[in-house]
Every structure is written in C-alpha cells, then in structure tokens.
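Written out below as structure tokens is the structure these notes cover.
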Amino acid sequence: MLVKLALKSLIARKGSIALSIMAMAISIFVLLGVEHIRHQTKESFSNTVSGVDLIVGARTGSLNLLLYSVFKIGNPTNNISWQSFKAISTNPKVNWAIPLSLGDSHKGYRVLGTTSEYFQHFSYGKQHKLLLSKGKTFEDTFDVVLGAQVAAKLGYQLGERIVLAHGISRTSFSMHNDKPFKVVGILTPTGTPVDQTLHVSLQGIEAIHTNWQSSGQHKKNSPEKITDQLQPKSITAFMLGLNSKMTTFRLQREINHYAQEPLLAILPGVALSELWQMMTILENTLFLVSVLVFISACLGMSALLLSSIRERTSEIQLLRVIGAPPAFLFILIELEAFFITLISIVLGAGLLTVGLFSMQEFLVTYFGLHINTNILSLRNFYLMLTVLIASMCMAMLPSIISYVRSRSYHLTH
Amino acid sequence: MVIQLSNIRFSYPNHKDTPILNIPSWSMAEGEHCFIHGPSGNGKSTLLNMLSGILLPNEGVVCVLDQHLNNLTSRQRNKFRADNIGYVFQQFNLIPYLDALENIQLASYFSSSLTKSEVSEEMSTLLTSLNIPESDWNKPVRTLSIGQQQRIAIARALINTPKLLIADEPTSALDNINRDSFMTLLMSTVEKNNITLLFVSHDMSLSQYFNRVESLSELNQVECSNAS
C-alpha cells in the first residue's frame, strides 16, 4: 500500500518529478561514466602486455617508451641500432627478444615490423598468446598479418593486396605504392592495440623504405632476391623475456649503462604504475566533480520533496486522521526519494550503455581505448548502491520535516 | 457511553493564556445522532481533534468508547483512531490521485478490523449502497464530482466498521440537491450500521435530521471566542 501510494503520488506530480529524475539521471550518468571509464582504461592498459620482462628503446622517458612501443600512442623519439639489439638479445640472461619497428601505417592503422618471435612470445591479458583466426603468420617479405579490428573494419580477406603508407596519419601522401603486401593471416580479437595493428616482417619494413621514393626501380625485383639486402639497420624498440625474473634488475642496469649506444630499459609494470600515479590527480578531480554534480542533483530532489510537503498539507492531515502514524509519512517521503533515484539510476545507466556503445569505435580508433559496454560490474553495483543510500540520506531532511509536521499538525480548515 | 468528557481544559502551547476549550461535562450515548451547531472559530476543530485522539487536553479526561485516551500512547491512539472512529471532512477527504477503491483500501490499511477479502467485499457493498456507479470505482477521485467524492468519503470513513462517525461540515461544499441526498444517504447508512454520529455544522437547516441538537457555545464555556 505504501509503495503504491508513493508511486501514485510521484505519477500525480510527473512534471516536476520528471525534471528531477532527469537531473539525477544525468548526474548518475556522469558519475558512473567517469568511474567506469577510468577503471576500464586501467584494465585495458594493464591487459595490453604481460609476460614481457623488459622493454628497451632509445633513451627517453620511461612512460614515453612504454606508450609508443606497447600502446602505439605518440611517436618514437629515436631508433636504436640493429647491432645493439643483436648484442643484447644474445645475452645469456635473455630467453627471447622481439624487435619492434614502427613508423608506417595503413589507413590510420599502425604497421608493426617484427619477427615471428612476436607471435610466439608476445602475450596479453592473463598470459594469453596471440592466436590466428585465419591463415598463418608471415613468412615472406611482403606478407602481412592483420589485427582483428583492422580486418573487420576494412573488410580485408586472406590473399588481398594492400599498400602501406609512410608516416602514421590517416591520409598520407607518400604511399608505398610499388610494394603491395599480401594478407596471409588474421588474428583473433584481443581487446588490446594489437587488434588495430598490421604486422609485417622487419624485412618488409626495410623493403618499403629501400629507395622507396624512386618508385618503380624495384618493381621487378623478386622478393627472394632482395631479402638478403634487407637486413634492418635500426629498429624502434624491443621486448625481452628473461630466463629468470631474478636477473631483471641486473640486466636493466646493464642495458642502461650500455656503452655503444644510449639505451633505456623499463619494466612494463613499473612504468604503468608511474602512469597511474600521474593520472591519479586527474582521475580524482574528475571523480570529485561528478560527486559534486550528484550532490547538487540530490539537493534539487530534496528541495522538490520539501516543497511538495507544503503542497500536500491536507494530504498529510488526511493520512493522520485515518490513522497513519507519523513514521508512515517519514517512510512515504523516503520511498519517493528511493523511487526517484532508482528510476534515475536505470536511466543513467541506460544512457551510459547507449553512449559507450556509440562512442566505442571512436575511442578505439583515436585513443586505442577498449571500453567494455557492459557496465554491470560489481564495482558499479556498489557505486549505484552508494548513490541510492546517499540520496536517501539527502531525503532525510524533507522526511523528518514531514514527520514533525504530521505529529504537531492540528485540523485547521 | 460512546463519548464522555469531564473537566476538559485546553489551550495551545504557544497561546497559553487563551483557552480554547473548557467543557465541564458532556457525553453521548451509543446510537445517538447528535448535531452540534457552531460557527468555526469556537474550538470546533480542537474538540474534534481531541475526540479522535490527535490532541490531548491539558486537563480533564477524554473517554471514547470506554477508552481513556489520555492513558494511551500516541501509537495506540493512531491505531484506536483507525479502528474505531470514522471521519468525514468538509473537503479533502480523499487522496486525489488514488481511485475510490484505493482510497478505501488505504483507510483499511491502518486498521486490523477486517481481513483483505472482507475489505474488498465490504468496499463493493458500501460503494453500491452509496450510489457510486461501478464504472467510477477505478477512476482517480479528482476526476469525480464533489458530490460523489463526499459519498466515497463516507465509504472510506465506514470501511473499518467504526462505532463512532465524526462529520465535520461534510455538506458545505455541496449544492442544495446534493446536500439533501447526501444527508439522506448518510443517515440511512448510519442507521443501518448502528453507528453513533457526531455531526458538526453551522447550517442549522440540517438539524432536522437529528434527534439531539446542541450548540457548541453552550457546550464550551470559554469566555473569549477568538479560537483559531
């Protein structure tokens, strides 16, 4: 009966209640959105690389190296020589080494030059290895293996021939037209930047840069014939897997003091936590702002309920006369606040899901962020519960006023 | 005795020196239909609030249906009111956004006089006997005419089978024709259910329906008559 009364009274005042619900739904949308995106970003970043002990690149900031080598965000500052890679990868502490060569693109998707080691040793998430959904890994100089998203978005099939561009912008004027690549494999989706990457051999990268401006010159060269000239002179970075984790710091120091070339070795986990430290202030600010927005929506709701008590004086009197105890009035107002918040949460969460769904592609293409559209996590459930409790606490004031009024009221017509 | 008042004195806490009520002795027997004539501002509302247990006197004893209201806790008084006293006001007798059935259910919610199935049976009996067409039972009461609303108010007041019905100017919002049919219905319903009726109005012409007529100014012996 109480629930029915609360619901019907809300429906009877639908105009003002709808506005209050909208204000609250938007505030919950912001609150949930900030919380969800910051959590998902962390997860997406942490899932991108696993099992890699050290990342080595030209001397730069550790964050910069991490961002461009793993997340393909930003640009490499400098290349490192092939000799350095050779020297370090033959170190007895090293189990495996994956060279990475960046700098080219295809229709906005980055091209990664690497070796077959990449498919053997690179892992993401909880030690998942890369898997091919179709075809095989590259063997030939002009073979390319596509990330799942690249294949899906551009509609490429096995055997298709594609042209890579120099530089990383989406509309590049310098196309490596003379060296079309053949799609030989497509990877399964990983939810990491790998999905937006085209993988070719280091020789392939080298080949498109060998006199690529004098187009036509190499057109008739057979791949076999050019392979031996295609020993790379430099690469962007490389990843190392060690035989024993215990030697990680020693090798890191060795690499950082490498005499032939200024190099930087980083531990991905440590660099990531540095990233989080930088982000914390921003995150907290955003969260604080969204909490303030929510509080203001709660205050709006309380003001609405408070003024409704004034309008409903005769209703309260009537309820008292037919035997309603003052506590009934208190619970009635609290219930109204509960329903307003509940509807707002459903609306806000729905709005967020729709928003994320439509923004997903944009976030992936421009920020390499994989945001899960499923916002129904335990974390968010707790957040929504907190929201509900907070708004009911805020509704205490009008509820108490209605309680007090109904106690002290006298029939005065 | 249904109502027994003795040595009642009352003034509001913030106006201590202006007494509202001073009733040495007054009582009503079971089955009586009493008309109290009095303009508003004579302590009428205060008296009715006291009889229903919303207010307690500063001095004296209020005894309703052999129950000393002074001795009950406020929770017990709420329950007592819901179970035993029906109340019909001048206006705003019903929650406007609920329909007739819901309004009556709400009244029965606070009382334990009837079981759920008895309530729905009793509701139809009451509404039918009060000439409310069944098609109007599920409409929000604000869409119904005032005459209909006042008749539904009787049904609401009677759902918990009270022994005492208090009517506070229930006809003042009605026109003459509606007023007469309302009075006829009220009196026959009260008669049929053997309910003691206390009816307060400033309209002397209604006294013809009653066997006992009293004036509030005789009843209430306060000197100044500027009560709120």
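The values are calculated or read from the model by the stated rules, or taken from the named source; none is laboratory data. Remember, predicted model here, so these are calculated numbers, not experimental data. Note that we place each Cβ from the backbone using ideal geometry, even for glycine, and neighbour counts take in every protein chain shown. Heavy atoms of the whole protein, side chains included, go into the accessibility calculation; ligands, DNA and RNA do not. Shrake-Rupley method; radii C 1.70, N 1.55, O 1.52, S 1.80 Å.
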Might you check whether a residue that is charged (D, E, K, R) and closer than 21 Å to B:F182 by Cα occurs anywhere in segment B:64-87? no
Would you pick out the residues in segment B:31-67 that are under 22 Å from A:P326 (Cβ atoms) and not in a helix (DSSP H, G or I)? B:S52, B:G53, B:I54, B:L55, B:L56, B:P57, B:N58, B:V62, B:V64, B:Q67
Given the options A:S273, A:S358, A:S314, A:S302, name the one that is closer than 30 Å to B:P162 by Cα and in a helix (DSSP H, G or I). A:S314
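So that you can scan it fast, the table gives a plain yes or no per residue for (1) open to solvent by less than 60 Å² (accessible area, probe 1.4 Å); (2) of a type in the set (K, R); (3) over 30 Å from A:K86 (Cα atoms):
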| position | (1), (2), (3) |
| --- | --- |
| A:L240 | yes, no, no |
| A:N243 | no, no, no |
| A:L272 | yes, no, no |
| A:I281 | no, no, yes |
| A:T313 | yes, no, yes |
| A:V321 | yes, no, yes |
| A:E334 | yes, no, yes |
| A:I340 | yes, no, yes |
| A:S344 | yes, no, yes |
Which pairs have Cβ atoms under 7 Å, sit 6 or more apart or on different chains, and link a residue in segment A:302-317 that is at positive phi to one that is at pLDDT 85 or above? none
Scan (1) surrounded by 17 or more Cβ atoms within 10 Å (Cβ to Cβ); (2) modelled with pLDDT under 90; (3) within 14 Å of chain B (Cβ to nearest Cβ) for the single condition A:L356 breaks and write down its number. (3)
Could you check segment B:160-177 and list, in sequence order, the residues that are in a loop (DSSP other than H, G, I, E, B), open to solvent by 20 Å² or more (accessible area, probe 1.4 Å) and more than 12 Å from chain A (Cβ to nearest Cβ)? B:T161, B:K163, B:L174, B:D175
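Can you tell me which residue within segment A:13-61, out of those that are of a type in the set (A, V, I, L, M) and closer than 30 Å to A:E261 by Cβ, is surrounded by the most Cβ atoms within 10 Å (Cβ to Cβ)?
Keep residues of segment A:13-61 that are of a type in the set (A, V, I, L, M), which gives A:17-19, A:21-26, A:28, A:30-32, A:34, A:37, A:49, A:52, A:54-56, A:58.
Then drop every residue that is not closer than 30 Å to A:E261 by Cβ, which leaves A:49, A:52, A:54-56, A:58.
Details: A:V49: 24, A:V52: 22, A:L54: 22, A:I55: 23, A:V56: 28, A:A58: 20.
So, considering only residues that are of a type in the set (A, V, I, L, M) and closer than 30 Å to A:E261 by Cβ, the one surrounded by the most Cβ atoms within 10 Å (Cβ to Cβ) is A:V56.
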Matching residues in segment B:144-159 (part of a helix (DSSP H, G or I) and within 14 Å of chain A (Cβ to nearest Cβ)) number 9
One residue is enough: does segment A:389-399 have a residue meeting the conditions of a type in the set (V, I, T), away from chain B (no Cβ under 14 Å) and surrounded by 14 or more Cβ atoms within 10 Å (Cβ to Cβ)? no
Selection count where residues are surrounded by fewer than 22 Cβ atoms within 10 Å (Cβ to Cβ), in contact (Cβ under 8 Å) with a residue 60 or more places away in the chain and among the charged types (D, E, K, R), scope segment B:1-53: 2
Within segment B:200-211, work out how many residues are over 12 Å from B:S172 (Cβ atoms) and surrounded by 14 or more Cβ atoms within 10 Å (Cβ to Cβ). 3
Residues (in a helix (DSSP H, G or I), farther than 18 Å from A:M394 by Cβ and either touching a residue at least 60 places away in the same chain (Cβ under 8 Å) or over 44 Å from the mean Cα position of the chain (by Cα) (or both)) located in segment A:322-347: A:P326, A:A327, A:F328, A:L347
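Per-residue answers, yes or no, for (1) hydrophobic (A, V, I, L, M, F, W, C); (2) part of a helix (DSSP H, G or I):
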position	(1), (2)
A:V52	yes, no
A:G57	no, no
A:T60	no, no
A:Y68	no, yes
A:I98	yes, no
A:R110	no, no
Just name the residue that is nearest to A:L7 (Cα to Cα) out of those in segment B:57-85 that are among the small types (G, A, S) and within 9 Å of chain A (Cβ to nearest Cβ). B:A82
Any idea which residue in segment A:1-50 is farthest from the chain's Cα centre (by Cα), counting only those that are polar (S, T, N, Q) and farther than 18 Å from A:A297 by Cα? A:S9
Just give me the residues in segment B:27-56 being in contact with a strand residue (DSSP E or B) (Cβ under 8 Å, 6 or more places away or on another chain) and within 13 Å of chain A (Cβ to nearest Cβ), in sequence order. B:G43, B:K44, B:S45, B:T46, B:L47, B:L48, B:M50, B:L51, B:S52, B:G53, B:L55, B:L56
Residues of segment A:129-153 satisfying the condition of being hydrophobic (A, V, I, L, M, F, W, C) and surrounded by 16 or more Cβ atoms within 10 Å (Cβ to Cβ): A:L130, A:F138, A:F142, A:V144, A:V145, A:L146, A:A148, A:V150, A:A151
What number goes with the only condition from (1) under 16 Å from the mean Cα position of the chain (by Cα); (2) surrounded by 22 or more Cβ atoms within 10 Å (Cβ to Cβ); (3) more than 30 Å from B:R142 (Cβ to Cβ) that B:L65 does not pass? (2)
Those residues of segment B:196-207 which are of a type in the set (S, T, N, Q) and at pLDDT 90 or above, in sequence order: B:T196
Qualifying residues in segment A:257-270 (those that are open to solvent by 80 Å² or more (accessible area, probe 1.4 Å) and without any contact (Cβ under 8 Å) to a residue 24 or more places away in the chain) - the one nearest to A:G15 (Cα to Cα): A:H257
Specify the residue that is farthest from A:P99 (Cα to Cα); the eligible residues are those in segment A:226-238 that are surrounded by fewer than 18 Cβ atoms within 10 Å (Cβ to Cβ) and β-branched (V, I, T). A:I226
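Condition check: over 28 Å from B:S215 (Cβ atoms) and under 17 Å from the mean Cα position of the chain (by Cα). Does B:D99 satisfy that?
Judged against the criteria, B:D99 is not a match.
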Confirm whether A:L319 is closer than 30 Å to B:Q76 by Cα, assigned to a helix (DSSP H, G or I) and within 42 Å of the chain's Cα centre (by Cα). no
On the basis of being at pLDDT 85 or above, more than 17 Å from A:E261 (Cβ to Cβ), surrounded by 16 or more Cβ atoms within 10 Å (Cβ to Cβ) and not assigned by TED's automatic domain parsing to the domain that holds A:L347, does A:N64 make the cut? yes
How about segment A:112-154: which of its residues are part of a loop (DSSP other than H, G, I, E, B), farther than 17 Å from A:S201 by Cβ and within 21 Å of the chain's Cα centre (by Cα)? A:G125, A:K126, A:Q127
Residue pairs within 7 Å by beta carbon, gap of at least six or interchain, first lying in segment B:135-156 and at negative phi, second outside any helix (DSSP H, G or I) and loosely packed, with under 13 Cβ neighbours inside 10 Å, listed first then second, are B:R151/B:N131
Residue in segment B:96-138 that is farthest from the other protein chains (Cβ to nearest Cβ), counting only those that are among the β-branched types (V, I, T) and assigned to a helix (DSSP H, G or I): B:T128
Condition check for A:D195: of a type outside the set (K, R) and either open to solvent by 80 Å² or more (accessible area, probe 1.4 Å) or at pLDDT 90 or above (or both): no
Conditions: (1) farther than 13 Å from A:S402 by Cα; (2) within 14 Å of chain B (Cβ to nearest Cβ). A:F381 meets all but one. Number of the miss? (2)
